[in-house]
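Readers should treat all values here as calculations from the given coordinates under stated rules, not as data from a laboratory. Everything quoted here is computed from the prediction, not taken from an experiment. Every residue, glycine among them, receives a Cβ derived from its backbone with ideal geometry; neighbour counts consider all protein chains shown.
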Amino acid sequence: MAVKGHEVSRSEKRVIDRVAKRLHISRDAGQEFDESMGFGERVADRIAAFGGSWTFILSFLGLLVVWVVLNAVLLTRSAAGPFDPYPFVFLNLILSMLAALQAPVIMMSQNRQSAKDRKAAEHDYEVNLKSELEILGLHQKVDNLREQQWLELVEMQREQIALLTRLLEAKS
């Protein structure tokens, strides 16, 4: 379906159909998207949300301080020696593995958020388009009412002129 050289999209068809049937188009696009997510996607979003929080940053910083203090100060005094002596090679390995796992999870979450934003933008477009069509319809109705009132006023003026003409003829 094309309108003046413009191909009508699926969204536009849906809006036109809803306008024709006098149905609402508003819906919670975010909730629809969240309901369509699988278990793994929800887990990835929760991990990404926690990994990007102050709770994670502060707790991880605390863990690092405990690790360094434990291995640099306390365990050097014990007979067995430190578990991970300076320069903390094992800690670096753990941090690298954490970064290697956390980065793809965060990217998956960002991709889903981007898709969710696209869905919300599409929904906003549909709502705005329907609103525009409704406003155009209201303008047409107001214009029709105004034209009808003008016709009625012109008719009333004709009747008044006819009455005035008869009154003038009766006086003469």
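Worth pointing out:
- Whole-number percent relative contact order across segment 1-118, with pairs defined as alpha carbons under 8 Å at least 6 apart: 28
- Basic side chains Lys and Arg get +1 at the Cβ, acidic Asp and Glu get -1 at the Cβ, and with that the dipole of the chain about its Cα centre reaches some 140 debye.
- Loop-located chymotrypsin sites (Phe, Trp or Tyr not before Pro) in segment 83-164 (DSSP state not H, G, I, E or B) with no more than 14 neighbouring Cβ atoms inside 10 Å: Phe83.
- Degrees between helix 10-20 axis and first principal axis of the chain (Cα, 0 to 90, nearest 10): 40
- For the chain, calculated [θ]222 nm from helices alone, where every DSSP H run of n ≥ 4 adds -39500 (n - 2.57): -27000 deg cm²/dmol
- Crossing angle, helix 89-171 versus the chain [Cα axis fit, 0-90 degrees, rounded to tens]: 10
- Loop-located trypsin sites (Lys or Arg not before Pro) in segment 1-109, at most 15 other Cβ atoms within 10 Å (DSSP): Lys4, Lys21, Arg22, Arg27
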